[in-house]
Every structure is written in C-alpha cells, then in structure tokens.
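Chemist: Quick one: the structure is below, and I'll ask about it shortly.
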Amino acid sequence: MVYEYKRVFGKADPISASSKMQAYDEEKMFKMHNVTDDVLDGTFQNDEKKFWSELPYDAKVRKIINYTNKQYEEEVISKTKSAMMRSELISLLSKRKLNKDYHVNYDVENKCIIDLPCIEYDPITECYNYIEISEKGTSSIKKNIFKKNISKI
C-alpha cells in the first residue's frame, strides 16, 4: 500500500509552505525498519550473544513487538489479543517487571522470544494477567491459593 504525505521545509503553517508530495511504500519501509532493527540490535556489527536481562530497553520493546506479530501470523492468537498482549507487555516492561531472565524465555542464538511464562490469558475477564514468578519457578499466586486452602483445613 502506498501512502502520500507532504514534506514541509521549516514552515510552521503547512498550507502556506512550499511543500512537495512524496510517496512511500509500506512494504519497503517495513523492510527498511527491519534492517534498522538488526543494525540497532548489533547483528550487523558484532555477533555478541546477549541474554534478555542484558538487552537495552528499546531492543526489548522491538523483541516484544516481533513476538506478538509472530504469534498473530502463526494464528496462535487473534489480532485483538495480539494488541492486548503487546500493550500489556510494554507496560510491564516500563514498570520493570520483565527485566529478569526467568520472566522471559529468550533464545540467545536466534535473538527472539520463545515464550512468556509470566503472562496468562484469562478467558473470563478477557485480558492478560501478570503472574509473579520467583527464581525457583513457582508463582506467588499458586502459593497464595495453596495457603488459603491449607488454612481452611
């Protein structure tokens, strides 16, 4: 799909400015941004294998977006669920709840996210929920439910 936009040179009012109509192709821009992402990730410059906790914030956001797009393309989740998952993951990342390696199953060789054990979809409320996971791999929600059931006995 080809879009057109006006390019304005140094004028505050785009109507009075001498402007040029330029077109750009969405597919070419997508390919260009993917190459830019690879350059920013460092795949062209060096072959360092960084773990999830060592990646910078913007690289993590790109990995999350790529993961949700891949889930949608493989028809694992719908478009609305993909958008909900993306927004939830980015908000969790900004709150620093996805910083540890055990929060995200990240493939260092392929530089992509494999799985997110700390996110679960709740079909009743129709939203994604964050589950706190300790380094041992047990979630605190399961511990709380277990404690409540034991206290009833």
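Chemist: Once phi is turned into ³J(HN,Hα) by the Karplus curve 6.51 cos²θ - 1.76 cosθ + 1.60 with θ = phi - 60°, what whole-Hz value does each residue of the range 87-101 show in order, with x for glycine and proline?
Modeler: 5, 5, 5, 5, 5, 5, 5, 5, 8, 6, 9, 10, 8, 7, 5
Chemist: Could you work out how far apart the two model spin labels at I124 and V108 are, taking each label as a point 7 Å from the Cα in the direction of the beta carbon, and quote it in nm?
Modeler: So the two model labels end up 4.0 nm from each other.
Chemist: Pick out, from Y102, I90, V76, the residue whose Cα sits farthest towards the positive end of the charge dipole of the range 76-116, with +1 on the Cβ of Lys and Arg and -1 on the Cβ of Asp and Glu.
Modeler: I90
Chemist: If you don't mind, there's one more thing I want to ask. Find how much the distance from K50 to A83 grows on full extension, using 0.36 nm per residue of separation minus their present alpha carbon separation; answer in nm with one decimal.
Modeler: 9.2 nm
Rule-based calculations on the coordinates, nothing more; no lab input. Predicted model only: the values in this text are computed from it and were never measured. So basically every Cβ, Gly included, is an ideal-geometry build from the backbone, and we count neighbours across all protein chains shown.
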